[in-house]
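*Asks:* The following block contains the structure, expressed as structure tokens.
The values are calculated or read from the model by the stated rules, or taken from the named source; none is laboratory data. None of these values were measured; they are calculated from a predicted model. Cβ: placed from backbone, ideal geometry, glycine included. Neighbour counts: every protein chain shown. For the accessible areas, the whole protein counts, side chains as well, though only heavy atoms, and no ligand, DNA or RNA atoms are used. Shrake-Rupley method; radii C 1.70, N 1.55, O 1.52, S 1.80 Å.
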Amino acid sequence: MNRFSKIAFAFIALFALAVVPASAQTCGDTTWVLRAGQTIEVGTVTVSNDANNLYVNYTMDYDPNMDGVVDGYFGTLHMWAGNDLSLLPRAPGSGNPSPGQYCQVNPDFCYTPADTTTTSHTFAIPLADIGIVNVFDACGANLFVVTHAEANIDSDGDGIYEDETAFGGDQDGDGPRWWYYGSYTICCDFGPPSIDFCETAYAKGGWVWTTGRRSNPERLPSLEL
């Protein structure tokens, strides 16, 4: 093998950038209005997913005075997600949703803030907890998502907060009392992975460039360049 052939052969050895992916990306963002007292829009609920979790974000943005100050905060939050709405916990006899029972299905379906200043919270529910073992086998599958909140709002601007029941969603629930829910489609379009940093990496082939023992512990034949 002549030197030119050796050089050509050596280039077969891989030169690459070692890419370290950043945290998982989400997709499928779907946002619904969060309504208190059936008609008062107090915030939003946004649902998304990555390869491992379903994310349900509650945001309070109630601002009746239009002064840029949020006049409300969350009490206990409840959510439920599943592919069969008939499995939603309901109050015996009435058929109304029973948010307090969501915690019995999964303790992570409930959250109580530590103080009275909470205006945002995100649930991160493992997809396996709602029956999705592999997200790529569930692409396009439909989930029903019920989001309930205890909303404390100052509707009169007098500093007195009133407790209201709030539901997020764009579909009317059944039963004698009002409630809302939404339908969410599992998304798998995560796009290219983001990059935290890059490193140069070489893979050794049958030849090396140098004769130095420290850089050639295997004592492979050298191109002596």
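*Asks:* Quick one: ranking Trp207, Trp178 by accessible area, 1.4 Å probe, largest first, what do you get?
*Replies:* I get Trp178, Trp207, largest accessible area first.
*Asks:* Taking square-rooted eigenvalues a ≥ b ≥ c of the alpha carbon gyration tensor, is segment 99-178 rounded, prolate or oblate, where a/c under 1.5 means rounded and, failing that, a/b exceeding b/c means prolate?
*Replies:* Judged from the Cα gyration tensor, segment 99-178 comes out prolate (a/c at least 1.5, a/b above b/c).
*Asks:* Give the peptides 121-129, 38-46 in descending order of average Cβ contacts within 10 Å, highest first.
*Replies:* In decreasing order of mean packing, 121-129, 38-46 become 38-46, 121-129.
*Asks:* Need the full-extension length gain, Glu41 to Ser215, defined as separation in residues times 0.36 nm minus the C-alpha distance. One decimal, nm.
*Replies:* 55.9 nm
*Asks:* Quick one: net charge around Asn53, please, counting Lys, Arg +1 and Asp, Glu -1 for every other residue with C-beta under 11 Å from its C-beta.
*Replies:* -3
*Asks:* Multiply the residue gap between Ala128 and Asn52 by 0.36 nm, knock off their C-alpha separation, and tell me the result in nm, one decimal place.
*Replies:* Here the segment from Ala128 to Asn52 would lengthen by 26.6 nm.
*Asks:* Expected output is a single nm value to one decimal: the length gained when fully extending between Thr31 and Asn65, i.e. 0.36 nm times separation in residues minus the C-alpha distance. What is it?
*Replies:* Extra length available between Thr31 and Asn65 comes to 9.9 nm.
*Asks:* Net charge around Arg90, counting only other residues with Cβ within less than 12 Å of its Cβ (Lys, Arg = +1; Asp, Glu = -1)?
*Replies:* 0
*Asks:* Order these peptides, 49-60, 109-120, by their mean beta-carbon neighbour count within 10 angstrom, highest first.
*Replies:* The packing order, highest mean first, is 49-60, 109-120.
*Asks:* Show me 66-73, 29-36 ranked by packing, highest mean number of other Cβ atoms within 10 Å first.
*Replies:* Per-residue Cβ counts within 10 Å, averaged per peptide and sorted highest first, yield 29-36, 66-73.
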